Amino acid sequence: MKLSKMHLKTLREVPNEAEIASHILLVRTGMIKKLVSGVYGFMPLGWRSIRKIEEIIRQEMDAKGAQEIHMSAVQPAELWMESGRWFKYGPELWRLKDRNGRDFCLGPTHEEIFTDIVRNDVNSYRQLPLNLYQIQTKYRDEARPRFGLMRSREFIMKDSYSFDKTYEDLDKSYDDMYDAYEKVFTRCGLTFRPVEADTGAIGGSNSHEFTALSEVGESEIAYCEKCNMAATTEKALCVDAAASKAAELPLEEVHTPGTKTIEEVSAFLNMDQTQTLKALLFVTYDDNGNDNGYVAAFVRGDRELNMIKLVNALNIPEHAIGFADEAKMSEATGCVGGFTGPVGLHDCKIVVDSEIPGLKNLCAGACKADYHLKNVNYGRDYSADIVADIKMLKAGDPCPVCGAPVKHARGIEVGQVFKLGTKYSESMGAYYKDENQKDQLIVMGCYGIGVTRTLAAIVEQHHDENGIIWPVSVAPYHVIITLLSPEDEIQARIAEDIYRQLASAGVEVLLDDRKERPGVKFKDADLIGIPVRITVGRGAAEGKVEYKLRRESDKEEISPEEAIAKAITIINEEK
C-alpha cells in the first residue's frame, strides 16, 4: 500500500481526553476515531491489527475443535428472563424496545443465546462435546467510559461456549481453552499472567482471568513468588489471624469524643488497630431499585473490606448494594455514623469477617455518639447473620497457600474462562439424552477474549516516547519503505523495486511516497510503529539503503537486496 493513497491522518498533539499511552497513541496514529464517549470506530491501520488479533484467535480456537458461528447482538428479553439475568445483570445491560413495545437488549455476552441454540439442536449424548464461538461486537452501558478501548460501551469480543456431558468433560474443555488462551496472548506479544478470578455476573464456579501486566490496568492481582499462587484481589483468599487465647474481659463503655476513624480511636485509646473493629454500612436494593434492607459489615480495624467478597456472601449482584444514608439507617437500626459497632444493632443484616470470632476484647463503636465499647467479644456480646472472609488480601500479607508474603501487581484483563456447570442449562432447560435415554443437564463452560482491549494492551506494553512498537504478529503492516525524495528517479526506482519484491514474498509493505519532508516521514514511521523500516535516500545512488528495526536504535547501511532478505527472514520468523 502506498501512503500517498492511504486514508491516514496522524496527530502531533496529545488528545485532551486521552490519559494513558494506548488511548493517546491509537488516537494520534489515526487508528481509532471517537464517535461519542465510549464508542470508537477503527480506521485502516487499526482495523488491520484488529483483524490480525482475530485471526490468531480463530487459528487457536479452530485448533481445539471449536466451531465459529455469528449471532445477532440484539437479544430478546425472554431468554434473559429465563436465565434470571434480566434484572440481576444490572444497569450495564443496554435495554431497548421495538415499535411494538417488546423488550430487547444489546448483548454484553451470549450465554442465553448459545444455550438456546444447543437446547433446540442437541438431544443426544452422541452430539457432545461441542464448542461454539463467535467474534462479535458487544455492548455495555458503562457509567464512566474511560481510557479509550480499555473501558468502552461498544467493543469486540470473542466469546465461546463449551457443552459437555459431565463435569470431568468440562475440565477437559476448560483446560483446552486455557491452553488456547495462553497461545493467543503469547502470539500477540503480551506479557501476561493467568490468575484465579471472581465469576461476577457470568456466574459458575471456577474462573481464571488472563491479565496483561500493566501499571494502568484496572485489575489488581496478588501473587506469590514462592508457590506461584496468583489471583485477582477480588478473589484472593486471606489467612485469618490466629485465634486469641486471652480471657474475655468485662464490656466497658468509654468516652471517645470526636474519634470517628480507626486511626483516631486507636490513638485516643492507645491501642493497636488490630484490636479494633471497623464498621461499613450499606443499603441493598431489589430488582426494581427500591431499598431492600440494611447491611453492617465488620472487619478488623487495620483491614480493608473486599466488596466482591461481601456481595458474594450476601448472594446479591454488585449493583444491588450501595453505601447507606447514615441518618436513615440510624433511625432504622440504631447505628451512629463513626461510632457504629455490632452490639445493639437491630433490623439489619450483620456480616462479620471470618477472623473476628477468634479475636478477643476488641474495641468497637457503641452505637452512641462519642462513645466506644472496649472488650467486645463475638458470641458473648453479639452474633452475626453471616460469617465469611470479606477482607482484602494486601501486599505483604501471608500467602493463603504457603504463607510467604504476597506481592501485588496491576494488569489489564484481556480474557477470562469460566466453569459454568449447569447454571444456564438448568434455568433454561438444556438437556441431552444419555446412553439409557434419560435426560441429563448439559454441563457448560464460557470463555471470552476482549479483542479491542487486547489491541490496547499490546500498545500499552509495546511503545516508547516516539510511538507504538508493534510485534510483527499484530502489526498493521510488516515493513515501511521511507522514500525521502520521490522526485529522484534512482530513489523512486529502488523503492518501487523493494516494494514489489517484498509484496511478492508475502510481506505486507507500506511505501511512504508522500511529498512530505523527511522529518515528517520519520516521525510518522516511528509513531505508527511498523516493525521494519527501510529508508531509501541519498545512498541509493551508491546502491545503499538504511535498514532499521523499530524496536532497536541501531541502523545499518546495506544493499537493497540485503535489506529485502533480512526483512523477509525476520517477518517469516515472527509473524
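The values are calculated or read from the model by the stated rules, or taken from the named source; none is laboratory data. Since this is a predicted model, take the numbers as computed values, not measurements. Because the Cβ atoms are built from the backbone with ideal geometry, glycine has one as well, and the counts that use them run over all protein chains shown.
A count restricted to the stretch 302-349 and to residues that are assigned to a helix (DSSP H, G or I) and of a type in the set (Ser, Thr, Tyr) stands at 2.
On inspection, LYS394 passes the criterion of being under 24 Å from the mean Cα position of the chain (by Cα), part of a loop (DSSP other than H, G, I, E, B) and either on the phi > 0 side of the Ramachandran plot or among the basic types (Lys, Arg) (or both).
When you check THR191 against the structure, is it touching a helix residue (DSSP H, G or I) at 6+ places or on another chain (Cβ under 7 Å), surrounded by fewer than 22 Cβ atoms within 10 Å (Cβ to Cβ) and more than 29 Å from VAL311 (Cβ to Cβ), yes or no? It is true that THR191 is touching a helix residue (DSSP H, G or I) at 6+ places or on another chain (Cβ under 7 Å), surrounded by fewer than 22 Cβ atoms within 10 Å (Cβ to Cβ) and more than 29 Å from VAL311 (Cβ to Cβ). Within the stretch 252-274, the only residue that satisfies the criterion of being among the β-branched types (Val, Ile, Thr) and either part of a strand (DSSP E or B) or free of Cβ contacts under 8 Å to residues at least 12 places away in the same chain (or both) is VAL254. One residue alone among LYS52, LYS88 is in the same structural domain as TYR178 (by TED's automatic domain parsing) and touching a Pro at 6+ places or on another chain (Cβ under 7 Å), and that residue is LYS88. None of MET271, MET229 is over 33 Å from the mean Cα position of the chain (by Cα) and either at pLDDT below 90 or surrounded by 13 or more Cβ atoms within 10 Å (Cβ to Cβ) (or both) except MET271. Here GLY65 fits the description: outside any helix (DSSP H, G or I) and modelled with pLDDT of 95 or more.
Given the criteria at pLDDT 95 or above, in a loop (DSSP other than H, G, I, E, B) and closer than 22 Å to GLU465 by Cα, does ARG533 qualify? No: the conditions fail for ARG533.
Output the residues belonging to the stretch 64-105 that are over 15 Å from ASP116 (Cα atoms), under 24 Å from the mean Cα position of the chain (by Cα) and aliphatic (A, V, I, L, M).
Taking the stretch 64-105 first, the residues over 15 Å from ASP116 (Cα atoms) are 64-68, 86-105.
Now drop any that are not under 24 Å from the mean Cα position of the chain (by Cα), which leaves 64, 66, 68, 86-95, 105.
If the condition is that a residue be over 15 Å from ASP116 (Cα atoms), under 24 Å from the mean Cα position of the chain (by Cα) and aliphatic (A, V, I, L, M), then ALA66, LEU93 are the ones that fit.
For the stretch 75-86, state whether one or more residues are in contact with a His (Cβ under 6 Å, 6 or more places away or on another chain), at pLDDT below 95 and either surrounded by fewer than 21 Cβ atoms within 10 Å (Cβ to Cβ) or in a loop (DSSP other than H, G, I, E, B) (or both). No, the conditions are met nowhere in the stretch 75-86. Quick check, is SER383 small (Gly, Ala, Ser), under 25 Å from LEU314 (Cα atoms) and surrounded by fewer than 21 Cβ atoms within 10 Å (Cβ to Cβ)? Considered against the rule, which asks whether it is small (Gly, Ala, Ser), under 25 Å from LEU314 (Cα atoms) and surrounded by fewer than 21 Cβ atoms within 10 Å (Cβ to Cβ), SER383 comes out as yes. Of all the residues in the stretch 476-515, those that are within 16 Å of GLU562 (Cα to Cα) and touching a Pro at 6+ places or on another chain (Cβ under 6 Å) number 2. Candidates in the stretch 150-192 are the residues that are within 17 Å of the chain's Cα centre (by Cα) and aromatic (Phe, Trp, Tyr); of these, the one that is nearest to LEU25 (Cα to Cα) is PHE155.
Take the stretch 433-446 and flag every residue that is surrounded by fewer than 24 Cβ atoms within 10 Å (Cβ to Cβ) and part of a strand (DSSP E or B). The answer is LYS433, ASP439, GLN440, LEU441.
Check ALA495, ALA503 and return the single one that is in contact with a strand residue (DSSP E or B) (Cβ under 9 Å, 6 or more places away or on another chain), surrounded by fewer than 16 Cβ atoms within 10 Å (Cβ to Cβ), modelled with pLDDT of 95 or more and aliphatic (A, V, I, L, M).
Numbers: ALA495 fails: surrounded by fewer than 16 Cβ atoms within 10 Å (Cβ to Cβ).
ALA503 is the lone residue from the list that is in contact with a strand residue (DSSP E or B) (Cβ under 9 Å, 6 or more places away or on another chain), surrounded by fewer than 16 Cβ atoms within 10 Å (Cβ to Cβ), modelled with pLDDT of 95 or more and aliphatic (A, V, I, L, M).
The one condition from (1) over 29 Å from ARG28 (Cβ atoms); (2) assigned to a strand (DSSP E or B); (3) β-branched (Val, Ile, Thr) that ILE481 does not meet is (1).
Annotation note: of LEU305, LEU277, LEU249, LEU314, the sole residue that is over 30 Å from ALA197 (Cβ atoms) and in contact (Cβ under 8 Å) with a residue 40 or more places away in the chain is LEU249. Applying the set (1) in contact with a helix residue (DSSP H, G or I) (Cβ under 7 Å, 6 or more places away or on another chain); (2) in a strand (DSSP E or B); (3) surrounded by fewer than 19 Cβ atoms within 10 Å (Cβ to Cβ) to GLY41 leaves exactly one unmet item: (1).
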